[in-house]
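The values are calculated or read from the model by the stated rules, or taken from the named source; none is laboratory data. Computed from a predicted model, the values in this text were never measured in an experiment. Positions of Cβ are backbone-derived with ideal geometry, glycine not excepted, and every protein chain shown enters the neighbour counts. The protein model used for the area step is the full one, side chains on, heavy atoms only, and it has no ligands, DNA or RNA in it. Shrake-Rupley method; radii C 1.70, N 1.55, O 1.52, S 1.80 Å.
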Amino acid sequence: MKKSTKTLLYLTVIILALTTTSVYSLTSSNTSQGGKKGINVIDWAYRKVTLVESTPLRGCNGLIFGPDGALYVCQTSPNSISRVKLQGKHTPRVETFVGPNHGVITPDDITVDDNGNFYATSAIGGEVYKIDSQGMKHVIARGLSGPNGISYDEESGRLFMTECFWGNRIFELDPDGVTPPRLVNDQLYVPEGFDIRDGKLVIPDFGSWWIVEVDMDTGVIEPLVTEGLITPVALKIGPDGYIYTVELATGLVKKINPDDFEIEILTMLSPGLDNLAFGPDGYLYVSSYHDCTIWKVDPDSGENTMLFPMGINSVASIDVKGEDLYVCDSIMVRRIDEEGNVYKTWANAWLSPTGYPLPMTLTNAIGDNLITADFIDGVVAEIDPTAVVEDWRFLVDHFDSISSPAGMEVDVENNLLYIAAYGSGEVIEVDLITLERRIVADYLSGPVDLVIKDGTLYVAEALAGRITMIDIASGIKEIFLNGYVGKPKGLAWDDNGNLLIVDTAKRELLKVNMDNLDIRVVASNLPAIHTTYYPYPLIWDAPAPIAVNAKGDIFLAGSDGSVIMLKYHGHHWWHW
């Protein structure tokens, strides 16, 4: 089976990013100090700057044109479905069709019937939704394993769906959800986004890199294309009868003759493509999950146009390395320079040939290295993001994993790593040379982030709503702050040795003077975006991204995939 170990977890993009704005334009930005639409800076020592702007289509994947001529796009990162108006004289506009607060969890793919009803799959939630023209959703199937591709057959009025990676099955669904799903086939490796013609499902199998036909009644499989493809992740049949497919790993859009199955490379975009749809104008529209944009492609010439600026899916974690900033979005690690330019690194779990794990949190390490943690598999890796090719090693591997590793901190002098194990309620020490481990403290309530000072760990317990001090040598615990913070999820030290706390319940950034325990509010109206949802009713608290550079600038995540800098200018009336 031609796939990397970690590529099979590509659906685990589950950092919830709520948006406060329903309509975006390509020229909109909000870099003002404070205001109701963004972080409000209270401490006059800081000035808010948007270092990296958001893009309206972060987390974009499945897409379909509706009867109104608009493009409907699933977005996993903000848990929403958007309506993109492409026609007219104005710049393409993105509007909210189903908002992030309406229970559509990680929508992956979408289709539409001849009555204008939409159907969308929930990759993480295990559900399929029916959504009317007003954006009202109803669950028509639940309890599935990784619902992925979905397609409606206009000729027969039948609805079909594929699972990928966790279930790898094909089902026929009742569009009204009255009768349970009917199993069509469970013999493919990883059936992906597909189309229908002449009573057959035409499916790219991501596991074998084949394209096959599956009879919608009998489930009988007939191979169509068995070579010449690399990670085909979705396909559509064009008005000309040709099969068009996009490849995740290569960024290639390929055109396949339906008579002899000869493959033509139509165009090369960039790795991380996810899905495609034909518009009423005859053009092909391709979604790029890695770049958070949509490409318009001429199906004859391959000429293409990027419709929206590239961006970051979501900012799951931030850390500083020298003059640069590093962020991860649970799929890849990106570098950001002082001017806010964003660069991809090799550290991409979807494209890794050696099984690099999902980077969900990261922390600074020795030399050029960073350390990243994958809370789903419980593994931790040390990486060199500056390397030209993959350069990493497991610190905690799959055979001896940790329960939901979250925030981390490195004791550089002693070559020790400290990990907040959210799932087990422990703080774990890992020797970076020998990889030996010991439990420093246990029976914590949702430890989600930690920092070190003078032999003491300060741990944010998200479930208890407190900060706890832990003596590293003895493991003795003592409450440092209780009752004042509602849900502490991010910790850092500022340039004056004050403890910074991100409280996502109060939506405040707090500063604690370590000499007299005076507490001040640095900024308010922070986005409360850092809870990750499993299938109902399980909840996992993710660390809130925060980092401080040598100049004293504070970096935070915006609610919309942006990176916010609170630029320090060092003078204010309550200088500590």
Over segment 177-258, average the accessible area per residue using a 1.4 Å probe and give it in Å², no decimals. 36 Å²
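Sort E303, E155, E163 by heavy-atom solvent-accessible area, probe 1.4 angstrom, most to least. Please report the intermediate quantities before stating the final value.
Details: E303 135, E155 160, E163 0 Å².
Order by accessible area, largest first: E155, E303, E163.
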Residue separation times 0.36 nm, minus the C-alpha to C-alpha distance between K453 and T434: what's the value? 4.5 nm
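When only the heavy atoms of the protein chains count and the probe is 1.4 Å, how do W210, W392 rank by accessible area, highest first? Don't skip to the end; give the middle numbers.
Details: W210 95, W392 55 Å².
These residues rank, largest area first, as W210, W392.
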For segment 342-404, what is the accessible area per residue in Å² when the probe is 1.4 Å? 37 Å²
Distance check, please: which entries in K130/K255; K477/K551; K344/K489; K321/K567; K48/K506 exceed 23 angstrom between their Cα atoms? K130/K255; K477/K551; K344/K489
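Express in nm, to one decimal, how much length is gained between E154 and D114 on full extension, taking 0.36 nm for each residue of separation and deducting their alpha carbon distance. Can you show the working numbers first?
Numbers: separation 40, 0.36 × 40 = 14.40 nm, distance 0.66 nm.
Working it through step by step, the gained length comes to 13.7 nm.
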Wrap a convex hull around the Cα atoms of segment 467-506, take a quarter of its surface area, and give that in square nanometres. 3.4 nm²
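How much of the accessible area of the chain, probe 1.4 Å, is carbon plus sulfur, in whole percent? Working shown, then result.
Values: 10700 of 21750 Å².
Roughly 49 percent of what the probe reaches on the chain is carbon or sulfur.
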Semi-axes of segment 143-282 from the Cα gyration tensor (sqrt of 5 times each eigenvalue, largest first, whole Å) come to 24, 16, 14
May I ask you to derive the FRET efficiency for V139 and E95 from their Cβ-Cβ distance with R0 = 25 Å, giving the value to the nearest 0.05? 0.60
Along each of its three principal axes, how wide is the spread of alpha-carbon positions in segment 390-500, in whole angstrom units, largest first? 41, 31, 30
Just to confirm my numbers, what's the Cα centroid distance between segment 293-357 and segment 165-180 in Å? 33 Å
What do you reckon, how do W209, W44, W350 stack up by accessible area (1.4 Å probe), largest on top? W44, W209, W350
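Just the accessible area per residue of segment 424-506, please: how many Å² with a 1.4 Å probe? Could you put the intermediate results ahead of the total?
Values: 3290 Å² over 83 residues.
Per residue, segment 424-506 has 40 Å² of solvent-accessible surface.
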So, R0 is 22 Å and r is the distance between the beta-carbons of Y443 and A473; what FRET efficiency does that work out to, to 0.05? 0.75
Global geometry of segment 349-410, whether rounded, prolate or oblate, following the gyration tensor of its Cα atoms and the 1.5 cut on a/c: oblate
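If you average the sequence gap of Cα pairs under 8 Å that are 6 or more apart and divide by the length of the chain, what percent do you get for the contact order? Could the numbers behind the result be given before it?
Details: 1670 pairs, mean separation 72.5, N = 576.
It rounds to 13 percent for the chain.
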How much length would be gained if the chain were fully extended between N496 and E303, taking 0.36 nm per residue of separation minus their Cα-Cα distance, in nm to one decimal? 64.1 nm
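Note down the net charge around D291, summing +1 for each Lys or Arg and -1 for each Asp or Glu among other residues with Cβ under 13 Å from its Cβ. Before the final figure, lay out each step's value.
Working: positive: R58, R334, K344; negative: D274, D329.
Its environment carries a net charge of +1.
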